[in-house]
Amino acid sequence: MAKVESFQLDHTKVKAPYVRIAGTERNALGSTIQKYDLRLLQPNVDALPTAAVHTLEHLLATYLRDELTGIIDISPMGCRTGFYMIIWDEHDPADVAAALTKVLHKVLETEHVPAVSALECGNYKDHSLFSAQEYARIVLEAGISDDPFRD
Ligand code: ZN
């Protein structure tokens, strides 16, 4: 059976919110991509409601691309405790943590969610900017670390 990096992570040992490199891959031509674990909530303690995770997905898709170069994708985790980000080249976790912190501050300020229409989204009725902002506030108050195993 294939080994999946995120299944090897001891989810009882991590301390959210954090950012973590979940993998760095190089192909034969020398191109590098990284997979990042952007964990907003403590696993098995809390989870984002679907409307909040969906709205955060839309906001992170635009705001994080304004902060970091080379983002290929940002997708919600099925457990709804965070997001995975796939990005070209190697990035310092401290820079990613700083970018995510800046972006969540922008989430608090915004009154607009991008691409909330039947044309642009697969479930446009399931959004909550209110809930997204409440969770952004909780994450910012806790502080986003670049060390998931800190004391
Ligand atoms: Zn959508």
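Provide the per-residue ³J(HN,Hα) series for segment 126-133, in order, calculated from phi with Karplus coefficients 6.51, -1.76, 1.60 and θ = phi - 60°, each as a whole number of Hz, with x at glycine and proline positions.
These are the phi-based 3J(HN,Hα) values: 9, 9, 8, 5, 4, 5, 4, 6 Hz.
Which FRET efficiency value, to the nearest 0.05, is calculated for residue 66 and residue 28 with the Förster distance at 25 angstrom and r the Cβ-Cβ distance?
After rounding, the FRET efficiency stands at 0.20.
Would you pull out the residues with amide H under 5 Å of residue 145's amide H, same chain only if 5 or more places away, H placed 1.01 Å from N?
Amide H neighbours of residue 145, under 5 Å, 5+ apart: 18, 19.
So for the chain, averaging the separation of alpha carbon pairs under 8 Å that are six or more residues apart and normalising by length, what relative contact order in percent results?
This gives 32 percent for the chain.
Using a Cα-Cα cut-off of under 29 Å, which lysines could be cross-linked to residue 102, ignoring same-chain neighbours fewer than 8 residues away?
13, 15, 35, 125
Going from the alpha-carbon gyration tensor of the chain, what semi-axes, largest first and in whole Å, does one get by taking the root of 5 times each eigenvalue? List each step's numbers first, then the result.
Values: eigenvalues 114, 71, 48 Å².
Taking √(5λ) for each eigenvalue gives 24, 19, 15 Å, largest first.
Using the heavy atoms of the protein chains alone and a 1.4 angstrom probe, what is the accessible area of segment 1-70 per residue in square angstrom?
Here the per-residue accessible area is 53 Å².
With all distinct Cα pairs included, what does the Kirkwood hydrodynamic radius of segment 54-132 come out to in Å, to one decimal, could you say?
By the Kirkwood definition, the hydrodynamic radius is 13.3 Å.
Report residue 124's accessible area, 1.4 Å probe, all protein chains in place, as a number in Å² to the nearest 10.
90
Give the carbon-plus-sulfur fraction of the accessible surface of segment 48-151 in %, rounded to a whole number; probe 1.4 Å, heavy atoms of protein chains only.
51
Given H placed 1.01 Å from N in the peptide plane, which residues other than close sequence neighbours of residue 23 have an amide H under 5 Å from its amide H?
35
With a cap of 15 neighbouring Cβ atoms within 10 Å, and only residues DSSP puts in a loop, list the GluC sites (Glu not before Pro) found in segment 89-129. Show your work: numbers first, answer last.
On the way: sites: 90, 109, 111, 120; in loops: 90, 111, 120.
When the GluC sites (Glu not before Pro) of segment 89-129 are filtered for loop state and at most 15 Cβ neighbours within 10 Å, 90, 111, 120 remain.
Based on the Cβ-Cβ distance from residue 137 to residue 79, what FRET efficiency comes out when R0 is 25 Å, to the nearest 0.05?
Calculated transfer efficiency: 0.75.
Compute the orientation-averaged projected area for segment 86-151 from the convex hull of its Cα atoms and round it to one decimal in nm².
Value for segment 86-151: 6.2 nm².
Please state the equivalent ellipsoid semi-axes for segment 3-51: what are the square roots of 5 times the Cα gyration tensor eigenvalues, largest first, in whole Å?
Values for segment 3-51, descending: 26, 13, 9 Å.
The values are calculated or read from the model by the stated rules, or taken from the named source; none is laboratory data. These numbers come from a predicted model, not from an experiment. Counting neighbours? That spans all protein chains shown, and the Cβs are built from the backbone with ideal geometry, glycine included. We work out accessible area using only protein heavy atoms, side chains counted, and drop any ligands, DNA or RNA first. Shrake-Rupley method; radii C 1.70, N 1.55, O 1.52, S 1.80 Å.
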